[in-house]
Amino acid sequence: QPSPAETAVLAREAVKQTVEQGGRVLVPTFAIGRSQLLMYLLAGAFKRGTLKPFPIFLDSPMAIKATDIYRSNAELFDEEALAMRASGELSANLRTVQFCQKAKDSLALSRKPGPWMVLAGAGMCTGGRILHHLKNHLSDPTTLLLMVGYQSRGSVGRALADGAKEVRIQGTKVRVAAKTHVLGGLSGHAGQKDLLDWLGTLAPSRPRVILTHGEDGPRGALRECIRKRFGLAAETPAYREAIEF
């Protein structure tokens, strides 16, 4: 299993190869947090010269608003980001980013030749503007689909991450010839160790623990860890199961 750093390098090389071939990079992304982190990582790659600047389209009104909020709260940046902002490098290295505020701006990308990258919602390809980009470009072998977030079971995103050769999007069957790269390690969610450490501060009070998030396999593993470590019987309710308090 490659480390997050190794995964990031592999993703960067996949993007570099696609851009050099004049292809398009489609990134289904979440509007708050993931979109801004990706743009920051791209700015760093442009600054270091590991990627040459290319057009990037932020295709989500919510992500655009969230980006404005990030910009207005620079006092919360870490030291590296503050230094890049103070030197002007952050804005300079993101000069190729364009905002697609209106739907017509998004739709116009279907006619725009590559290379370019689009960051569009929804993150699991369950709706939003990413769908028409997938319909337009998944059948092109020069396209790169960069998956940067968790894909829930049964979603189009999960099927694509698992290597499907054909998917159904908005009632239409779409052939998948694009390359797919899954970039892990960007999640803002706590992992198992962090969750157990957090629960450790509450465990002495013998709380009622209900695990509602995640798939059954990992949820069951976490339940067992909680039982062994704290002696608590965590509940794992099924879909539509009622819980009484």
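Residues that are open to solvent by 60 Å² or more (accessible area, probe 1.4 Å) and assigned to a helix (DSSP H, G or I) within segment 159-195 comprise 192, 193, 194, 195, listed in sequence order.
For segment 196-215, enumerate the residues that are surrounded by 13 or more Cβ atoms within 10 Å (Cβ to Cβ) and of a type outside the set (A, V, I, L, M). If the condition is that a residue be surrounded by 13 or more Cβ atoms within 10 Å (Cβ to Cβ) and of a type outside the set (A, V, I, L, M), then 214 is the only one that fits.
When you scan segment 72-85, how many residues do you find that are touching a helix residue (DSSP H, G or I) at 6+ places or on another chain (Cβ under 9 Å) and open to solvent by 80 Å² or more (accessible area, probe 1.4 Å)?
Going through segment 72-85, the residues touching a helix residue (DSSP H, G or I) at 6+ places or on another chain (Cβ under 9 Å) turn out to be 74-77, 80-85.
Remaining after also requiring open to solvent by 80 Å² or more (accessible area, probe 1.4 Å): 75-76, 80, 85.
Number of matching residues: 4.
Whenever a residue of segment 1-22 is open to solvent by 30 Å² or more (accessible area, probe 1.4 Å) and at pLDDT below 95, it has no partner that is among the basic types (Lys, Arg) and part of a helix (DSSP H, G or I) lying with C-beta atoms less than 6 angstrom away and at least six residues away or across chains. Among residues of segment 210-224 that are over 15 Å from residue 194 (Cβ atoms) and of a type outside the set (Asp, Glu), those with a beta-carbon under 8 Å from a residue that is in a strand (DSSP E or B) and open to solvent by 50 Å² or more (accessible area, probe 1.4 Å) at least six positions away or on a different chain give the pairs 210/235.
Whenever a residue of segment 225-245 is in a loop (DSSP other than H, G, I, E, B), its partners that are modelled with pLDDT of 95 or more and open to solvent by 60 Å² or more (accessible area, probe 1.4 Å), lying with C-beta atoms within less than 6 angstrom and at least six residues away or across chains, give the pairs 234/223; 236/223.
Taking only segment 204-224 into account, find how many residues are outside any helix (DSSP H, G or I) and either at pLDDT 95 or above or out of contact with any His (no Cβ under 9 Å at 6 or more places or on another chain) (or both).
As a first pass, look at segment 204-224 and keep what is outside any helix (DSSP H, G or I): 206-215.
Next cut, either at pLDDT 95 or above or out of contact with any His (no Cβ under 9 Å at 6 or more places or on another chain) (or both) only: 206-212, 214-215.
Total meeting the criteria: 9.
For segment 43-56, the set of residues classified as touching a residue at least 60 places away in the same chain (Cβ under 8 Å) and open to solvent by 10 Å² or more (accessible area, probe 1.4 Å) consists of 55 only.
The values are calculated or read from the model by the stated rules, or taken from the named source; none is laboratory data. What you see is a predicted model; the values in this text were computed from it and never measured. Because the Cβ atoms are built from the backbone with ideal geometry, glycine has one as well, and the counts that use them run over all protein chains shown. To get the accessible areas, we keep the full protein, side chains included, count just its heavy atoms, and leave off ligands, DNA and RNA. Shrake-Rupley method; radii C 1.70, N 1.55, O 1.52, S 1.80 Å.
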